1. Quick test of your reading of the structure: Lys39 fulfils all but one of (1) farther than 18 Å from Asp88 by Cβ; (2) buried (at least 18 other Cβ atoms within 10 Å of the Cβ); (3) of a type in the set (D, E, K, R). Name the failing condition by number.
2. Mind listing just one residue for me: the one in the range 1-56 that is acidic (Asp, Glu) and assigned to a loop (DSSP other than H, G, I, E, B) and, of those, nearest to Thr96 (Cα to Cα)?
Amino acid sequence: MENVTVTPSSGGWGNFYNYTVNVSDATGEVVNVSFYVKKTVTGSWQFIESRNCTSPCTGTTMAFNKTGNYTCADGGGAFWYFKFNATDDLGTTNTTAEGPVIVEEPVINTTNTTESETT
């Protein structure tokens with residue numbers, strides 16, 4: 001697996017994130033690719049989704065989408081991490097390095113208005 005990306009690389013709690021990875025199998029086998037996230041370096045990985053790259057799996061870009069769904073308790077400006085794991089039909093596995101995503105507090109603009117009475 002190579003060319004691991006996330007777009008955008010930083011954004012607000014409810015943003016839509018697109019994670020991609022390029023998958024190839026030397027023997028062209030079917031490859032099962034799983035996507036995981038965690039919210040701290042030492043946290044537990046949370047399985048998000050798994051898909052198959054069908055034979056021949058060579059140079060195939062696979063995309064996984066996740067909406068932030070983060071909350072105030074997750075903190076603003078916090079790093080979240082993601083990774084991919086791939087296993088082919090022969091049982092050969094590969095895991096990407098952890099990639100960070102910066103999750104920021106949303107910007108909220110407020111306007112203070114007052115009503116004036118006319119008599």
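1. Every listed condition holds for Lys39 apart from (2).
2. Quick first cut of the range 1-56, residues acidic (Asp, Glu) only: 2, 25, 29, 49.
Within this subset, residues satisfying the condition of being assigned to a loop (DSSP other than H, G, I, E, B) are 25, 29.
Details: Asp25: 15, Glu29: 19 Å.
The residue in question is Asp25.
The numbers here are math on the coordinates, done by the rules we state, and not lab data. This structure is a prediction, so every number in the text was calculated from the model and none was measured. In this analysis, Cβ positions are derived from the backbone assuming ideal geometry, glycine residues included, and neighbour counts consider all displayed protein chains.
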